[in-house]
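For reference, the structure discussed in these notes is given below.
The values are calculated or read from the model by the stated rules, or taken from the named source; none is laboratory data. What you are looking at is a predicted structure, and each value in this text was computed from that prediction instead of being measured. Note that each Cβ is placed from the backbone with ideal geometry, even for glycine, and that neighbours are counted across all protein chains shown. Protein only, heavy atoms only, side chains kept; ligands, DNA and RNA dropped before computing areas. Shrake-Rupley method; radii C 1.70, N 1.55, O 1.52, S 1.80 Å.
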Amino acid sequence: WTVTIMVWLPLVIAAIAGALVTWIGFRHARRTWRNGDARLTSPIDRLSDAVINLLETLGARQNRTQAATRVRDLSKRYGLEVDPNAIIEKLPVGLQQRVEIIKALYRHADILILDEPSAVLTPQECQELFKIMRGLAAQGVSIIFITHKLKEVFQIADSVVVMRAGKVVGTAIPAQATEASLAAMMVGREVILRVAKDEAHPGDVILAVAGLSAIDERKARVLDDVAFEVRAGEVLGIAGVQGNGQTELVEVLTGLRAPLSGGFTVVGKRFVHVTPREMTHSGTAHIPEDRQRYGMVSAYTVADNLVLNEYDAAPFASAPTTRQLPLVAVIYGGLFAIAFAALSWVWSSALWPALSDALKLKDLNARQSPIPFLVSALSVVVVTALFALIAFWIMRRVAPPIMAQVGGAGQGGITINRAAIDRNAEQLVKEFDIRTPGIGVNAGNLSGGNQQKMVVAREFSRKPRLLIASQPTRGIDVGSIEFIHQRIVKQRDDGAAVLLVSAELDEIMALSDRIAVMYRGQIIDTVSAATATREQLGLLMAGVKADPQPV
């Protein structure tokens, strides 16, 4: 035994020491590793990361009871009232916001960054959020609150930092500042925060919606028997927490989504499923909530974006001149001939030999076995027609850009009047104060506010009978908001019917003459903007219906 111990003891000690060194090295590597940053690691490093993660979690076990207990403790401590066993997708938006805060606190966060946290909350939920924030601050949590809503700044902030064009332009103490002073600092000039408008004088019904229902991509009903009217010379605001059917309502009315049932009329014309072009021709203008996706083409110039809905109408397009006509014929005919010839070469060199071999046409007698020959003849006819259609499609896709470069044909065999497009752009850029180096600059290079002004300029310049404005001031500065508000009121005063959809309750109350509140795909009430209060609208947005008011 003595000999055995003397032989094995150094090995055991070495094994224990090796394991201890390995464990210490593993802990050190875990603390000092590059966090999987691919820019700083080689393939071997990434493999080592994966091995370390595996070793760290190999013996780990999720303790749901302990996690739920800690969530309850945090909820009680900070007054957040979150059920740890609730399913997230079934919670109201306000409670989902609380869950995000709990997640940060669960990780022992000392600094909490809230980026526009009130964008999807009712006024009551906002006040509850602010109460929670004050409680967190009192317990030593530092909070960075990012918002463009000046009223919220004065409600919650202890100090204010103002940024413009990516730079800090000033700081302020809320008690020593005003909304006007902060707005001027944000924009660089004095801003009129109140919307100046006279009393509305509604006229005939322009938009009438009846029994409108729709489903989303998950087959869930997002519009449920929606009905309302908008008259000429008035603004009907659609209020509601984001996600209650407002987006889908606008999509149905503008032809971007097919309704499940019901329909609507525009200036007396009945629509069930409408296309965007039909809505444009019906005298409807649309300011989409996502300007990048639905309102503009970033790669097109400012001038071209300003005629997107009217590029095929006079004076922006006209028939080819006598001198241009031969060029049009040569380009269109040449492209068709080239495409058809290329397809024919593919047929004769590859497809026909393969078909002939498959049917064994060389070894057959046409009188004794006519069917293979009939099949081959029919194939030639079908392939010829198919190739002609493909060549025609290629010609229609390729020819218009070529003609545009030489001042030639556009869609439908018409020619682009570049001079008229440029004159229109110069006029609208000046009238709507679009800040751009030139009308030939790509629209994607403009700031968000100027992109929105460009969309507004295009839609308003058509003098619409019906204006559908969805989130018209989302993500833009105070100065651009002021300008767009003035233009919406002007459209109303000029006799247009305005349907305003906005998640900003202040915007709805400032611009609307009547306010319809949506909750879970339904219009639960319509009230007069002159008598409505924030508290009343906030309750309606949360689904609490008050006593009916005459409107």
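Put simply, the amide H of GLY237, placed in the peptide plane, has neighbours under 5 Å in LEU500, ASP513, ARG514, ILE515, ALA516, leaving out anything fewer than 5 places away on its chain. Take the Kirkwood radius over Cα pairs of the stretch 450-551, plug it into Stokes-Einstein at 10 °C and 1.306 mPa s, and you get 109 µm²/s for translational diffusion. For the chain, the per residue solvent-accessible surface stands at 57 Å², with DNA, RNA and ligands left out and a 1.4 Å probe.
Over the stretch 67-225, Cα pairs under 8 Å with separation of 6+ residues give a relative contact order of 12 percent.
Computed over neighbours whose Cβ is under 9 Å from that of VAL489, the net charge equals +2, Lys and Arg +1, Asp and Glu -1. Taking packing as the residue-averaged number of other Cβ atoms within 10 angstrom, the listed peptides 262-270, 221-229 run from highest to lowest as 221-229, 262-270. When only Cα pairs below 8 angstrom with a gap of at least 6 residues are kept, the stretch 171-257 shows a relative contact order of 21 percent.
Using the Cα coordinates of the stretch 181-263, the gyration tensor eigenvalues translate into equivalent-ellipsoid semi-axes of 33, 20, 9 Å, sorted from longest to shortest. Against the compact-protein benchmark of 2.2 N^0.38 Å, the Cα-based radius of gyration of the stretch 491-551 scales to 1.11.
The three principal axes of the C-alpha atoms in the chain carry coordinate ranges of 103, 89, 47 Å, sorted with the longest axis first. Report, ordered by chain and residue number, the lysines lying within cross-link reach of LYS197, taken as a straight Cα distance under 16 Å and ignoring same-chain residues fewer than 8 apart. Qualifying lysines at Cα under 16 Å: LYS490. Span-like helix criteria (full DSSP H runs; alpha carbon extent of at least 27 Å along the helix axis; mean Kyte-Doolittle hydropathy of at least -0.5) are satisfied in the chain by 2-32, 325-346, 370-405. With a Förster radius of 25 Å, plug the Cβ-Cβ distance of ASP204 and ALA530 into 1/(1 + (r/R0)^6) and report the FRET value to the nearest 0.05. Once the sixth-power term is evaluated, E becomes 0.70. The aspartates and glutamates within cross-link reach of LYS149, meaning a Cα-to-Cα straight distance under 13 Å and a gap of 8 or more places when in the same chain, are ASP115, GLU116, GLU179, ASP477, GLU504, ASP506, GLU507. Other residues lying with their Cβ under 14 Å from the Cβ of GLN522 contribute a combined charge of -1, Lys and Arg counting +1, Asp and Glu -1. Counting charges near ASN445 (Lys, Arg +1; Asp, Glu -1) among other residues having Cβ under 15 Å from its Cβ returns a value of +2. Residue by residue, the stretch 467-473 carries 3J(HN,Hα) couplings of 10, 10, 10, 10, 6, x, 10 Hz when phi is fed to the Karplus relation 6.51 cos²θ - 1.76 cosθ + 1.60 (θ = phi - 60°); x denotes Gly or Pro.
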